[in-house]
Amino acid sequence: MVVEKEMLKKGLNKKELGKENFIKEIWNWKEKYGGTIVHQLKRLGVSCDWGRERFTLDEVCSKAVREAFVRLFEKGYIYKGKQIINWCPRCQTALSDLEVKHQEILGKLYYLRYYFEDKNNFITVATTRPETILADSAVAVNPKDERFKKFIGKKVFIPIINRLIPVIKDERANLEFGTGALKVTPAHDQLDYLIGKEHNLLEITVIDEAGKMNKNAGQYQGLDRFQCRENFIKDLEKIGALEKIEDYRHSPGYCDRCAAIIEPYLSSQWFMSMNELVKPAISAVKEGKIKFIPERFSKVYLYWMENIRDWCISRQLWWGHPIPVWECISCGKFLAYREDPKTCKSCGSANISPDPDVLDTWFSSGLWPFSTLGWPENTPELKYYYPSSSLLTAREIIFLRVARMIIFGLEFMRDIPFKEVYIHSTILNQEGRRMSKSLGTGIDPLELFDKYGVDATRFGLTLETEQGQDIWFSEERLNLARNFANKIWNAARFILQNTKDYKDNHPLESYSLNFIDKWILSALQRVIKEVSSHLEVYEFAVSARILYDFFWDDFCDWYLEIAKLFLIKEKEKTQKILIFVLENFLKLLHPFMPHLSEKIWQIKEEKNFLINSPWPEINLNLIFNEEESQFKLLRKFIRGIRNLRSEIKINPANKIRIEILGEENLIKEIFQFKELIFSLAGVFEIKEISQRPKIALSFVLEALEVFLPLEKDLLNQEIVRKEKELEDLEKNIERINQKLRNQDFLTKAPQEILEKEKNKLKNYNLLKNKIKERLKDLE
């Protein structure tokens, strides 16, 4: 489709170019853009064995496709038949049901009169496709419909062409649609085709492969189907056969390739019988041999598989795997061959002709788990790699590809192709549209890589991937991830600079660990456990968030600040812990940010690759639950003090006195951390008191009350600050009042601006009252 569009821009079409030259153009496009995709994947850090790269039309895959087709043909699963199929007049090819996208539109419902032979009475039929009336073979009514019982067995004239057709009874005539009477067009509708077969009705085609009316359409021959509709309705109106037209919401099918409205079309095609083939594939999911993640998609899979129709596998295209069938002109047989034949293997005649069609692309895709490994040969790769563990894919190809992989795996390999199917999120653009190359709604990942960095793009997207939920793409998370990457780099640089002289001569267990050591090491063990367990169940966003919170909050904001003190007092042990935490964090980070983590690792290790390192394991000897709980208390205490300082804008250089009142055990615990509190909260004294101070800021922590006494200097500073705040606020209030007193402003300003100003005034007055109350308390 893309190559055709490019050629049209140059004033060429594929028929003028010819099949051979057109296929050359597609190969050129494949080499150019296939290489682009691989380049993007490599930049993204996808760790594939690129020496094993495969393309669907590679010789090894083509051989597998042919072998699979012949085996299915010889078993009787593949047959040629004339059925109603989905036909794209633009691409001029058959489509499977899954290649048709249904989209709701506001269309028209036409009510048309079919007159009986007496020319006096009529029956009214409703349709959205009046041009197909020319191919009608009957009018069906439901036998339960009392209104139409008397008409069953009679005949009516098709308007304009005046061909007589019978009124038949059939329970599939929908009482709720239109008038309840159904026009039956076996060659142009799937349901009508089934009714026609049962009632032995004529199959008349009036629309050709290009979407134009054929000779059976009489005076409308040669018209486009939609032009015919327009002309036909005008003619019906002239003869009084058009009763009315109503607006009607319905969902026609569109070609997934070119977005043309598809035509249900009676055509001779190759089909695969699915009833027997799907049974093992249904059992594999029902018995839990294959699991879908999220689990709800297994229901989607099973519903489709249990209601499956035979698969139309032929396509009237030039690009794809040729159908390996030859028709013998002498004996009339269609036979499948593993190698191109010279004579018919049935009668020996050389008068044979290859089938002109190609296979549906999803036929070869369904063989992918084993065709790429050399099947049908029993190669070492096939023995080693099949079945694989997981398939990561998108929900829109569960039926197109996943189901067929399972069907073919069980049919040809007698084993499932994978144990788990992870359905990842769909990325939508800011308008909520699916990102797509063909729709032009995608974003070039290389542009994001250049703007934010590859690892930040990876991590930012991962943070948004809630299981099975669509992502409304925003660059906000990518910016957050870039800041995180910078944080990691700066922290790692600090650690590496401060551990240059470290000689790793002693195991961690040989050191005497203090409270802070135990806390950070225990927190790390918790992170190892949680990240690993969430990755096991494909909860990537949860794992990423845990890593982000641990490194930014626990490690950088707290431990590194404390470590700066310890590097003076307990240098070697602190160096050991810094390196230990950094190494384990880089291993956990590597799946998310492979380039950054590997770069830092290489600076430290020089020779050994991080990607070859073992995944971190929990060390039970480094879990200290009591110390983790104690640090939570300490952190809340320090944050509370910092909030009090911030509330009254105390200069960071100025030390403060803190008073505490409450449960004795908690007070003792706080006094244990006195030195850390002094360093991290800007405190010079912590004092236990027996009653609340008269003037103080405070907060409550469990059974503890913490006070910042407002001594004279602090008190005066706060009063001056609040008075200045009040003064600025009153100026703003007066400014808005002046606006709202101005008649010119009131008459000319839009209503939303007036409301905005009134809301501002209301909020300013509320804030003014709060400041006045605060000043009253301070005084």
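For the range 620-779, the relative contact order works out to 20 percent when only alpha carbon pairs closer than 8 Å and six or more residues apart are counted. Students often get this wrong: which residues of the range 194-212 have the backbone nitrogen under 19 Å from the point 7 angstrom along Cα-to-C-beta of residue 144? Only 195 pass the distance filter. Altogether, the Stokes-Einstein calculation at 4 °C and 1.567 mPa s, with the Kirkwood radius of the range 50-157 over Cα pairs as Rh, returns a diffusion coefficient of 66 µm²/s. Seen from all directions on average, the range 404-454 presents a Cα convex hull projection of 6.0 nm². When the solvent-accessible area of the chain is split by element, carbon and sulfur atoms take up 49 percent of it, the probe being 1.4 Å. Accessible area per residue for the range 269-376, computed on protein heavy atoms with a 1.4 Å probe, is 45 Å². Accessible surface for residue 312 stands near 10 Å², nearest 10, in the context of the full protein assembly shown (1.4 Å probe).
Annotation: per residue accessible area for the range 8-75 equals 68 Å², rounded to a whole number [probe 1.4 Å, protein chains only]. The tail of the calculated P(r) for the range 245-404 beyond 25 Å holds 50 percent of all Cα-Cα pairs. Its alpha carbons give the chain an Rg and a Dmax of 37.7, 114 Å. Taking 0.36 nm per residue of separation and subtracting the Cα-Cα distance, full extension of the segment from residue 287 to residue 19 would add 91.7 nm. Mean separation of Cα pairs under 8 Å and 6 or more residues apart, divided by the residue count, gives the range 671-748 a relative contact order of 13 percent. The convex hull of the Cα atoms of the range 627-779, projected and averaged over all directions, covers 12.1 nm².
Extension gain for residue 728 to residue 106 (0.36 nm times residue separation, less C-alpha to C-alpha distance): 218.2 nm.
Would any residue of the range 601-645 have its amide N under 11 Å from a label point 7 Å out along Cα→Cβ of residue 529? List them or say none. It comes to 618-625, nothing else.
Of all beta bridges that DSSP places with both ends in the range 559-708, some 65 percent have antiparallel geometry. Shape verdict for the range 466-570, please, from the Cα gyration tensor: rounded (a/c under 1.5), prolate (a/b greater than b/c) or oblate. Verdict is prolate for the range 466-570. Loop-resident trypsin sites (Lys or Arg not before Pro) (DSSP state other than H, G, I, E or B) in the range 103-137 with no more than 12 further Cβ atoms inside 10 Å of their Cβ: 119.
Going highest first, how would you order 20-28, 134-142 by mean Cβ packing within 10 Å?
Going from most to least packed, we get 134-142, 20-28.
Could you give the accessible area per residue of the range 600-734, probe 1.4 Å, as a whole number in Å²?
Values: 8080 Å² over 135 residues.
Value returned for the range 600-734: 60 Å² of accessible area per residue.
Using R0 = 35 Å, the C-beta based FRET efficiency linking residue 210 and residue 479 works out to 0.10. In the chain, the DSSP-assigned H stretches of four residues or longer account for a calculated mean residue ellipticity at 222 nm of -13500 deg cm²/dmol, using -39500 (n - 2.57) per stretch and the full residue count as denominator.
Convex hull volume per residue, computed on the Cα atoms of the range 191-325, equals 226 Å³. With the simple model of a label 7 Å out from the Cα in the direction of the Cβ, residue 742 to residue 55 spans 6.9 nm.
Radius of gyration over Kirkwood radius for the range 736-779, both on Cα atoms: the Rg/Rh ratio is 1.21. Full extension of the chain between residue 679 and residue 121 gives 190.9 nm of extra length, using 0.36 nm per residue less the Cα-Cα distance. The Cα trace of the range 103-158 gives Rg and Dmax of 12.9, 42 Å, the first to one decimal, the second as a whole number.
Divide the volume of the convex hull around the Cα atoms of the range 245-308 by the residue count and you get 187 Å³ per residue. Checking the a/c ratio against 1.5 first, then a/b against b/c, what shape does the Cα gyration tensor give for the range 1-79? Taking the square roots of the gyration eigenvalues as a ≥ b ≥ c, the range 1-79 is oblate.
Over all pairs of different C-alpha atoms, the range 683-752 has a mean inverse distance whose reciprocal, the Kirkwood radius, equals 16.5 Å. Find which of 344, 665, 207 sits farthest along the positive direction of the dipole of the chain, computed with +1 on the beta-carbon of Lys and Arg, -1 on that of Asp and Glu, about the Cα centre. Of the listed residues, the answer is 207. Distance between the pseudo-spin-label points of residue 506 and residue 433 (7 Å out from Cα toward the beta carbon): 6.5 nm. At R0 = 25 Å, how high is the FRET efficiency between residue 571 and residue 653 if r is their beta carbon distance? Nearest 0.05 is fine. The value I calculate is 0.35.
Radius of gyration over Kirkwood radius for the range 588-672, both on Cα atoms: the Rg/Rh ratio is 1.20.
Each DSSP beta bridge with both residues in the chain is either parallel or antiparallel, and the antiparallel ones are about 80%.
Would you work out if the range 544-615 is rounded, prolate or oblate? Take a ≥ b ≥ c from the square roots of the eigenvalues of the alpha-carbon gyration tensor; rounded if a/c is under 1.5, else prolate when a/b is larger than b/c, oblate otherwise.
Working: a/c = 2.69, a/b = 1.39, b/c = 1.94.
It is oblate, given that a/c is not under 1.5 and a/b is not larger than b/c.
Shown here is the pair-distance distribution of the range 512-579: with all Cα-Cα distances grouped in 10 Å bins from zero up to the longest one, the shares run 20, 46, 25, 9, 1 percent. Once both labels are positioned 7 Å from their Cα atoms along Cα-to-Cβ, the gap between residue 717 and residue 340 label points is 9.1 nm. Note on residue 75: lysines with a C-alpha under 29 Å away, same-chain residues under 8 apart excluded, are 63, 197, 279, 286, 289, 333, 342, 345, 383, 419. With a Förster radius of 41 Å applied to the C-beta separation of residue 379 and residue 307, the computed FRET efficiency comes to 0.65.
Normalised by residue number, the volume inside the convex hull of the Cα atoms of the range 434-507 is 138 Å³ per residue. In the range 91-222 the Cα-Cα distances spread across 10 Å bins starting at 0 as 12, 40, 35, 12, 1 percent of all pairs. For residue 571, go through the lysines and keep the ones whose alpha-carbon is under 19 Å away, minus same-chain ones fewer than eight residues off. Output for residue 571: 500, 503, 518, 604. Scoring 519-526, 441-448 by mean Cβ neighbours within 10 Å over their residues and listing the highest first yields 519-526, 441-448. Entry note, the chain: relative contact order of 9 percent, from Cα contacts under 8 Å with a spacing of 6+ residues.
Descending by average beta-carbon neighbour count within 10 Å, the peptides 185-191, 655-661 line up as 185-191, 655-661, the highest first.
The values are calculated or read from the model by the stated rules, or taken from the named source; none is laboratory data. In this text the structure is predicted, and so the values were computed from the model without any measurement. So basically every Cβ, Gly included, is an ideal-geometry build from the backbone, and we count neighbours across all protein chains shown. For the accessible areas, the whole protein counts, side chains as well, though only heavy atoms, and no ligand, DNA or RNA atoms are used. Shrake-Rupley method; radii C 1.70, N 1.55, O 1.52, S 1.80 Å.
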